[in-house]
Amino acid sequence: MNKDNDNVEQLKEQLRSMPKVKDERSKNEIYRQIQLKMIEQEEKKQRKKRWVWIPAISTAACALLVFMVFLTQDKDRITQFEESSSSTAADEAQIETFESQENSIQRRDAEESAEMEKAGESDTSANDSSLQYQLEILPKEDIQQFALITTPAQYLVPVTFSKPDITEPITFQNSVREIDLAANGLQDIGLQHMTFTEEQQRVQVSVQDDFILEPDHTNKQLFDQIINWVFQDTEVNQIHFNQTNDFIDQINMVGDTYKLKGSGTAVYKQYQYNSQASAWLAATKIGQFESIDAALNEMKVSEQQYHVTSTIPSDAEIEIESSKDNTLSIRVFSEDIGQNQRTVNMVEAIIATANSFGYESVHFQIGYDQVGKYNLTKAVPTDQQMNVIYRGANRP
């Protein structure tokens, strides 16, 4: 209790020591100031009430504006709907027509695509089947060998007739008639004017009176090559002419006997008289090359003046190996090598050339395991017949 009294006294003492506050304004002045304050407060209240109504009025105005816009757009939509309704049938007809045309185009495109695929497949198989081959393996007893010459008279074109109707004496008149000589630019040196009768290792030849051949160097050389070619696979080594003339008298005769010496080495190229004529393997440069290397390089050379084209690409790189089993191993590199007629011609020409040099088979390394009918994964035999003419039912 005493403590509380002490605090009160202390507070009183502090109040007495405070400075005196004296308001020198008059009562009227104080009243006027209080009145002004009250008026000012009243005006503030009035201003607040006015601002409260402004947002409400603005909101109502916006709502009215939106409603009017909606009514206008709705009216436009109704108008547009009424206008579009009149053309709906026409639009639907146009859409149906467009869809029909589009479907028709799609069907046509699908049909054309299918036809193109079929045509592509047909072309592929046609390309495979259209490859021409100038070598065949036939039994020796079922063939008859013959030979023609090119135009101009320069090289030999060996021909093999399958399944000949052989009778004694042998004549080539019917055989020659099976080839269109003029269309192919080929010539018979005169064997169709002779008949041949075999007697073991000797052949009796009867020369007809209509056999006429100019005894120049080229004719004598070609005649010699042809006679040796015709009988190269037989045991015949002598030919006896029972009648002579100016030409026969000047060939390499010993008395009335002509001795065969073999067909000799040859470089095989392609002979084609013109674009409409058939292509034939031709034996060129007979007996002129002693090495297979030189002969293969000669096969790169075309001779347009004789209608003869190369059978190995001119840019080809050739590597040769000869094995002990009479197999020629050859590597050929060229950008032109592929699944095409040109490569088939090259393979066959190499086979024929190798055969003329005494090789029994050829092992190819050209970047392909199969070219046309030739399986190149193994050695290919060289003992094959060239430029085969099939007779009747014997045609494959």
For the stretch 211-249, how many residues meet the condition of being exposed (fewer than 14 other Cβ atoms within 10 Å of the Cβ) and touching a helix residue (DSSP H, G or I) at 6+ places or on another chain (Cβ under 8 Å)?
1
Would you check if VAL301 is over 24 Å from the mean Cα position of the chain (by Cα), under 30 Å from ILE179 (Cβ atoms) and assigned to a loop (DSSP other than H, G, I, E, B)?
yes
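Select from the stretch 252-270 the residues that are buried (at least 17 other Cβ atoms within 10 Å of the Cβ) and of a type outside the set (Phe, Trp, Tyr) and write down the one among them that is modelled with the lowest pLDDT.
SER263
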Out of (1) within 24 Å of ILE137 (Cα to Cα); (2) not in a helix (DSSP H, G or I), the odd one out for ILE320 is which?
(1)
Quick count over the stretch 281-297, residues being in a helix (DSSP H, G or I) and crowded, with 20+ Cβ neighbours inside 10 Å, is 3
For a quick check of your reading of the model, give me the residue pairs whose first member lies in the stretch 213-232 and is over 15 Å from ASP188 (Cβ atoms), whose second is part of a helix (DSSP H, G or I), with beta-carbon atoms closer than 9 Å and at least 6 apart or on different chains.
PRO215/ILE248; PRO215/ASP249; PRO215/GLN250; LYS220/GLN250
Quick one: in the stretch 316-331, which of the residues that are within 16 Å of GLN365 (Cα to Cα) and acidic (Asp, Glu) is farthest from the chain's Cα centre (by Cα)?
GLU321
Spot the failing condition for VAL344; the list is (1) surrounded by 17 or more Cβ atoms within 10 Å (Cβ to Cβ); (2) at pLDDT below 95; (3) touching a Leu at 6+ places or on another chain (Cβ under 8 Å), and only one is missed.
(2)
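Would you check which residues across the stretch 123-150 are among the hydroxyl-bearing types (Ser, Thr, Tyr), modelled with pLDDT of 80 or more and either in contact with a strand residue (DSSP E or B) (Cβ under 6 Å, 6 or more places away or on another chain) or assigned to a helix (DSSP H, G or I) (or both) and list them?
Listed by number, the list holds a single entry, THR150.
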Tell me, yes or no, whether the stretch 333-341 has at least one residue that is surrounded by fewer than 17 Cβ atoms within 10 Å (Cβ to Cβ), hydrophobic (A, V, I, L, M, F, W, C) and not in a loop (DSSP other than H, G, I, E, B).
yes
Assess whether VAL236 counts as being of a type in the set (A, V, I, L, M) and touching a residue at least 40 places away in the same chain (Cβ under 8 Å).
no
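With buried (at least 19 other Cβ atoms within 10 Å of the Cβ) and under 22 Å from TYR271 (Cβ atoms) as the only criterion, which of ILE389, ILE351, ILE366 stands out?
Unique residue meeting the criteria: ILE351.
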The conditions are (1) surrounded by fewer than 16 Cβ atoms within 10 Å (Cβ to Cβ); (2) within 22 Å of THR160 (Cα to Cα), and THR309 fails exactly one of them. Which is it?
(1)
Kindly indicate the residue of the stretch 172-195 that is in a loop (DSSP other than H, G, I, E, B) and in contact (Cβ under 8 Å) with a residue 12 or more places away in the chain and also surrounded by the fewest Cβ atoms within 10 Å (Cβ to Cβ) among those meeting that condition.
GLU178
Working carefully through the options GLU303, GLU319, find the one that is at pLDDT 95 or above, under 16 Å from GLN154 (Cα atoms) and among the charged types (D, E, K, R).
GLU303
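Of the residues that make up the stretch 257-280, is at least one in contact with a His (Cβ under 8 Å, 6 or more places away or on another chain), more than 23 Å from ASN345 (Cβ to Cβ) and not in a helix (DSSP H, G or I)? Please lay out each step first, then the result.
Our first condition is that a residue be in contact with a His (Cβ under 8 Å, 6 or more places away or on another chain); within the stretch 257-280, this holds for 257-258, 271-274.
Still in the running and more than 23 Å from ASN345 (Cβ to Cβ): 257-258.
Then keep just the ones that are not in a helix (DSSP H, G or I); that gives 257-258.
Yes.
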Report every pair of residues separated by at least 6 positions or lying on different chains whose Cβ atoms are under 9 Å apart, first residue within the stretch 369-381 and part of a strand (DSSP E or B), second modelled with pLDDT under 95 and β-branched (Val, Ile, Thr).
PRO381/ILE137
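The values are calculated or read from the model by the stated rules, or taken from the named source; none is laboratory data. Here the structure is a predicted model, which means the values were calculated and not measured. Note that each Cβ is placed from the backbone with ideal geometry, even for glycine, and that neighbours are counted across all protein chains shown.
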